[in-house]
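Working notes, structure below.
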Amino acid sequence: MTTVADRGNLAEDVLAERLLLSIYAYGTNTGIKSVAGGTDRHSEDDIRYTRRRYLNAEAARRIAIEIANATFAARKPLIWGESSTAVAGDSTHFGAYDQNIFTEHHSRYGRRGVLIYWSVEKNGSVVIHSQLLNCSASEVHAMVEGAMHHGTDMEVESSYVDTHGQSEIGFGVTKLLGFDLLPRIKRINKCKLYRPAPGKPICGQG
C-alpha cells in the first residue's frame, strides 16, 4: 500500500501494525484514542497520521474483503461446519455530531446520527459488507446491494432480514437474482400470503 505520492518512509511491519490498529478502531467502533491506549508501540497521533495518509475508503474495503476471505479459508469444517450460503442484514443507528455532513434525524430512533446497514454471514458472524444509508432510504435496496456487491468468496443463496428489509418488490428482485429472501414479518397474521404455485405450501408474502 502506498500514499498518494507513491512513497513512504515507514517500515513495513510498523505500517502494517498501525493499519491494523486503525481498522480495528473503526471496525469495532472502539475509536483510535482507546486503541492507542492499549499499546506502547504506537501513539494516537501515529495511528491517526497513518490512517489519513494510507487508509482511504477503497483501501479499507479491499482490506475488509481480504480479512473475510482469509477467515473463510482458515475455518475448520469440523468446528465451524460447512461454508454458509446465508447472510443476515440489518441496520444500526450511530449517534453523530451535528457537524458531520452525513448526520440526519431518524424518525424511528428519535435522534440524530448515521445509519449503517450490515450484511453478516449468518453462521459465523463475519461481516461481508457494510454501507452508509440515508435515514429515509429503503433497507430493501441495502439488502440487495450487500448480497450482490459484497466482493468476498461467499456464495449468497439466502438473505435473512427483518420487516424493514422486505417488500413485494424485494421478493421479486431477489428471485430474479437467484437467492431467497427470508424475512421476519411483524403482524404476519394481518398480511395476505400467496402460494408460490398452485398446490404448493405458502412460503412467503407477495
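The values are calculated or read from the model by the stated rules, or taken from the named source; none is laboratory data. The structure displayed is predicted, hence computed values, not measured ones. Cβ: placed from backbone, ideal geometry, glycine included. Neighbour counts: every protein chain shown. Please note that ligands, DNA and RNA were not included when accessible areas were found on the heavy atoms of the full protein model with its side chains. Shrake-Rupley method; radii C 1.70, N 1.55, O 1.52, S 1.80 Å.
Compute the relative contact order of the chain as a whole-number percentage, counting only Cα pairs closer than 8 Å that sit 6 or more residues apart in sequence.
Across the chain, relative contact order equals 14 percent.
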Report the charge-dipole magnitude of region 126-206 in Debye, nearest 20, computed about the Cα centre from +1 at each Lys and Arg Cβ and -1 at each Asp and Glu Cβ.
640 debye
Using the Cβ atoms and a cut-off under 14 Å, what net charge is assigned to the surroundings of Leu132, where Lys and Arg are +1 and Asp and Glu are -1?
-2
Taking Cα extents along the principal axes in Å straight from the coordinates, which label in (1) 55, 44, 32; (2) 48, 46, 28; (3) 69, 46, 31 is the correct one?
(3)
Distance in nm between label sites at Arg187 and Gln99, each 7 Å beyond Cα in the beta-carbon direction?
4.3 nm
What part of the accessible area of the chain, given as a whole %, is carbon or sulfur when the probe is 1.4 angstrom?
52 percent
Just the accessible area per residue of region 32-191, please: how many Å² with a 1.4 Å probe?
62 Å²
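Enumerate lysine pairs in the chain that are 8 or more residues apart or on different chains, then count those whose Cα atoms are under 22 Å apart.
8
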